[in-house]
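K.L.:
One structure follows; several queries about it will come next.
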Amino acid sequence: MNLRIRSCCIALLVGLGSKGVVLAAMPLQIRPTGDQPEGFHRVFNRQVDVFGLAVYATSEVPATKLMHAAGVLAQYLDNDADGLPDNPRVIAALRKSQGLVFMFPTHQEFEKLDLHRYIPARIWNRRMTIGLFAEETLPAGSVRGQFDATLEEVLHLVTAGGYSLAYPEVFGERPGTRIATAMDKARGGFFRRVPRKYPPGAWYSYDDRSCSYRCQITEYFYWGLTSLLDAQNYPGREQEIRREWKLNTPEKLKKGDPLLFRLLTDPQYRFPRECPDGKYRPQ
C-alpha cells in the first residue's frame with residue numbers, strides 16, 4: 001500500500017454543524033491551496049474539496065487526473081449521487097481523522113522530497129494521508145487493460161480512515177474484528193506477520209512482508225470491495241493478480257468468501273454498489 005479537469009458541477013459538503021447538518025454547498029472545483037493546514041501550500045499548489053475532505057496536488061499533476069481522483073472519492077462516498085454522503089458515520093470518522101489524498105506526478109518525485117522540510121511533522125503525522133501518483137492514475141484503465149490505482153488508493157482512505165473508525169468492532173484493523181476474522185479464514189489462519197508461505201487453499205495471499213496486520217486488512221478490504229464492484233474483471237486481470245487474490249468477480253466472492261461478501265453487502269453500512277469512474281454527477 002502506498003503512503004499511503006473534467007469540468008462538471010457537483011455538490012460538495014463544505015461544513016457540518018454539530019448535528020451533521022449541511023451548512024453550505026458549492027461546485028467541485030480546483031482551487032489554490034490555502035495557508036492551512038500549515039505548510040501545505042509550500043508543497044501543493046492546488047486542491048479539490050470533497051465533502052469536507054481534500055485532494056491535494058503538486059503543480060506537475062495534470063488537472064484531469066486531479067479531478068478524476070476527486071471524482072472517485074466523491075463517488076465512493078456518495079454512490080447514489082444524490083449530493084449527500086451515503087453514510088454519515090463514515091464521513092464523520094474521515095473528518096475526525098483529517099483524511100486527505102495527496103498527489104505527485106511520480107513516486108520517484110515524492111521520494112526525492114524532504115516533506116517535513118516544508119510541512120511540520122506534527123501537522124502531517126496527525127492526519128490520515130494516502131498517496132496517489134499521476135503515473136498510476138488511469139481514468140480509462142480497464143478499457144486499455146490496465147488497473148486505475150485511483151480505485152485502490154482512494155478506497156484505502158475511505159476504509160482505513162472511515163469505516164474502520166466508524167465501526168471499530170466490525171471493520172477495525174486489528175485482530176478479532178469481523179473483517180479480521182474473515183481475513184484470517186481467507187489466508188488460511190491467523191498470521192500477525194506476513195508468512196513466507198500461505199497454506200494451500202488460501203484465496204488471499206498478500207506477500208509484502210513489510211505490510212503489518214493492519215495493512216493486511218486494508219488490502220483485503222480493497223480486494224473484496226473492488227471485486228464486488230466488478231473492477232477486477234477485465235481481460236488479463238485475473239492472471240495478473242491471482243498470486244495475491246483469487247476471487248476477482250462478484251460471483252467468485254459470493255461463493256468463495258461468504259463472510260466478507262455478507263459484510264460488504266449488508267445495507268446498514270451503505271457500501272458503494274457501482275464502481276466509481278470519476279464522473280460524479282449528482283441528481
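K.L.:
Compute, for the range 111-231, the length of the dipole vector about the Cα centre, with Cβ point charges of +1 (Lys, Arg) and -1 (Asp, Glu) only. Units Debye, rounded to 20.
P.N.:
Value, rounded to 20: 620 debye.
K.L.:
Next up: Any idea how far the Cα center of the range 113-188 sits from the one of the range 218-248, in Å?
P.N.:
Spelled out, the Cα-based centre of one part sits 16 Å from the other.
K.L.:
Could you work out Rg/(2.2 N^0.38 Å) for the chain, with Rg from alpha carbons only?
P.N.:
0.98
K.L.:
Let me ask you something else. Ignoring any ligand, DNA or RNA, what whole percent of the accessible area of the range 108-193 comes from carbon and sulfur when the probe is 1.4 angstrom?
P.N.:
48
K.L.:
While we're looking at this one, here's another question. Would you grab the residues whose amide H sits under 5 Å from the one on residue 149? Only those 5+ places off in sequence or on another chain, please, with H modelled 1.01 Å from N.
P.N.:
Answer set, sorted by chain and number: 138.
K.L.:
Return the tail of the calculated pair distribution for the range 136-183, meaning the percent of Cα-Cα pairs more than 13 Å apart.
P.N.:
Considering the range 136-183, 62 percent of its Cα-Cα pairs are separated by more than 13 Å.
K.L.:
Quick one: divide the alpha-carbon radius of gyration of the range 112-266 by 2.2 N^0.38 Å and tell me what you get.
P.N.:
The range 112-266 yields a ratio of 1.09.
K.L.:
If you build the Cα gyration tensor of the range 45-108 and take the root of 5 times each eigenvalue, what three semi-axes come out, in whole angstrom, biggest first?
P.N.:
They are 23, 13, 8 Å, listed from largest to smallest.
K.L.:
List the lysines whose Cα lies under 23 Å from the Cα of residue 65, skipping any in the same chain that are fewer than 8 positions away.
P.N.:
Result set, ordered by chain and number: 112, 279.
K.L.:
Given a 1.4 Å probe, how much area per residue of the chain is accessible, in Å²?
P.N.:
Result: 47 Å² per residue.
K.L.:
If you don't mind, another one. Determine the equivalent ellipsoid of the range 199-261 by diagonalising the alpha-carbon gyration tensor, then write out the semi-axes as square roots of 5 times the eigenvalues, largest first, rounded to whole Å.
P.N.:
So the equivalent ellipsoid measures 18, 13, 12 Å along its semi-axes.
K.L.:
Here's something else I'd like to know. Roughly what would the spin-label model give for residue 174 and residue 121, points 7 Å off Cα along C-beta, in nm?
P.N.:
With each label placed 7 Å out from Cα toward Cβ, I get 2.4 nm.
K.L.:
Taking a quarter of the surface of the Cα convex hull of the range 29-140, what do you get in nm²?
P.N.:
One quarter of the hull surface, i.e. the mean projection, equals 7.0 nm².
The values are calculated or read from the model by the stated rules, or taken from the named source; none is laboratory data. Fair warning: this is a prediction, and the values are worked out from it, not measured in the lab. Positions of Cβ are backbone-derived with ideal geometry, glycine not excepted, and every protein chain shown enters the neighbour counts. Side chains included, ligands, DNA and RNA excluded: accessible areas come from the protein's heavy atoms. Shrake-Rupley method; radii C 1.70, N 1.55, O 1.52, S 1.80 Å.
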